[in-house]
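Please read the structure below before turning to the comments.
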Amino acid sequence: MSVFINGRTTPQTSQLGPRSRHVLGLIDGGHQWLQWAIDSPEHRYSFADEGALLDGIQQGLHGSRLAWLPQVGLQVSPIKLLSLDNDDLDVLRRQEHGEHNRLLANEVQEVLDKYDLLTNTALMTFRPFLAAIGAGTAPLLQQLDFREALQLHELASEQRGAADAGETQAEAARFALLHARRPIEFVDYFHFYRLVASGGGSAERRIEDATELLRALLPMLLGSLDGPQLPQLPSPEQVRSAIAATLDAQRQIGYPRISLAAQQAALCLDRGAGDLLGQAHAHLRSRVHRQLDAAQAFLKEHPVAGGKLGQDGASVQFRIEGRHQEARVQVEDNVITLLGYRRFLADAGSPAMVGYLAGEL
């Protein structure tokens, strides 16, 4: 026998669980490869569990975590498919196996909505938004992987219908393209500019001021890029343990990239005070550090609970809520990092206040 799952031999495909067999059928060539591996006397394959088997088959055959379901128009990891309820998985299987009618089409859309799965067509709806803000032909944004496309899709969804759309968004896009070195950084710097840009003067002056502020901030943020790395995609319990062990060791759960750290640091600024760059040179360093320290204290007091597995099957996000605070933690490629931290106004009339309130520092 050549295929082992959790140390046990798998002499035939029927020994897989029913859901795993269904997902295997959605991997092009999956059944053929597994039968070949079972029959092969020359090779030995070992997998920790059935999810690892399916992920290994998908990546081994196609060089990608994402399986392509052509009838649905969906790229999705087999690990994500394993997380679907049996009935929901069956809906996708029926369409992939050639069943087509209006009722099934509606059921497929309900499944996609339920699990926040985006077809390639839905994912690319950010393109008109980029065109509208003058970034549609930007070379940086032409070659995208799935995660980058997802970030741009989320940006377009957030900005759709914004009260100050148009020129302000185009200005933010110009700034972001000046500083971003990856498509995902474009999103971070777009948000950064929207947070710090003042209303006075010309667009060129506002972009210049924001650039000077960013240059002042970045050296302060070099120590905020840290996070524990685990050997495999962890369970929520393992994430809780890793965060606790990291904080107990006087280490921090930092940001996954410096552009996001800058965006989060912008929330420290007292935007009502006017001179943002003056704040940066005077005492912003302490505010930035206190913001990150407050996030660590919040994580220590509020352990993560159940997370949301990403469509790529290799990322999980956790939203942690307190009475007047909120944090988002992610696991991506087995590294735990902080996506965001914010406090809310304490008065009942303003529960949706975003950002870290500098006055509370």
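Compute the length gained on full extension between Asp116 and Thr9: take 0.36 nm times their separation in residues and subtract their Cα-Cα distance, giving the result in nm to one decimal.
Using 0.36 nm per residue and subtracting the Cα-Cα distance, I get 35.0 nm.
Which ordering of Ser20, Ser83 is given by a fewest-first count of other beta-carbon atoms within 10 Å?
In increasing order of surrounding Cβ atoms, one gets Ser83, Ser20.
For the Cα atoms of the chain, what angle does the longest principal axis make with the long axis of helix 102-114, in degrees from 0 to 90, nearest 10?
Long axis of 102-114 versus the principal axis of the chain: about 50 degrees.
Please rank Arg147, Arg251, fewest neighbouring Cβ atoms within 10 Å first, as an exposure proxy.
Arg251, Arg147
What's the exposure ranking of Arg93, Arg319, going from fewest to most Cβ atoms within 10 Å?
Final ranking by Cβ density, sparse to dense: Arg319, Arg93.
Treat the stretch 191-239 as a sphere of radius equal to its Kirkwood radius over Cα pairs and apply Stokes-Einstein at 25 °C in a medium of 0.890 mPa s; give the translational diffusion coefficient in µm²/s, rounded to a whole number.
175 µm²/s
Give the average over all directions of the projected area of the C-alpha convex hull of the chain, one decimal, in nm².
Averaging across all directions leaves 21.3 nm² for the Cα convex hull.
Given 37 °C and 0.692 mPa s, how large is the Stokes-Einstein diffusion coefficient of the stretch 124-197 in µm²/s, with Rh as the Kirkwood radius over Cα pairs?
Calculated translational D: 275 µm²/s.
What share of the DSSP beta bridges in the chain is antiparallel, in percent to the nearest 5?
The answer is about 90 percent antiparallel.
How much length is gained on full extension from Arg102 to Lys300, taking 0.36 nm per residue of separation minus their Cα-Cα distance?
66.3 nm
List the lysines whose Cα lies under 18 Å from the Cα of Lys114, skipping any in the same chain that are fewer than 8 positions away.
Lys80, Lys308
Between helix 50-62 and the chain, what is the angle of the helix's C-alpha long axis to the longest principal axis, kept within 0 to 90° and rounded to the nearest 10?
The two axes meet at around 90 degrees.
What size of dipole, in debye to the nearest 20, comes out for the chain about its Cα centre when the only charges are +1 on Lys and Arg C-beta atoms and -1 on Asp and Glu C-beta atoms?
500 debye
Using only alpha-carbon positions, what ratio does the radius of gyration of the stretch 160-222 give when scaled by 2.2 N^0.38 Å?
1.09
Run through the DSSP bridge list for the stretch 3-116 and note the antiparallel percent, rounded to the nearest 5.
If I count the DSSP bridges inside the stretch 3-116, around 60 percent turn out antiparallel.
In Å, what Rg and Dmax follow from the Cα atoms of the stretch 1-115?
Cα only, the stretch 1-115: 14.7, 48 Å (Rg, Dmax).
On C-alpha positions alone, give me the angle between the axis of helix 146-159 and the longest principal axis of the chain, in degrees, nearest 10.
Result, in degrees: 50.
What is the extension gain from His43 to Thr137, computed as 0.36 nm multiplied by their sequence separation minus the C-alpha to C-alpha distance, in nm to one decimal?
Value of the extension gain: 29.0 nm.
R0 = 41 Å: FRET efficiency of Gln71 with Glu204, Cβ-based, nearest 0.05?
Once rounded, the FRET efficiency stands at 0.25.
Looking only at GluC sites (Glu not before Pro) in DSSP loops with at most 15 other Cβ atoms within 10 Å, what is the longest site-free stretch of the chain?
Of all site-free stretches, the longest is 100-361.
A short reminder: the numbers here are calculations on the coordinates, not readings from a lab. What you see is a predicted model, and the numbers here were worked out from it, not measured in a lab. Glycine gets a Cβ as well: all are built from the backbone with ideal geometry, and neighbour counts include every protein chain shown.
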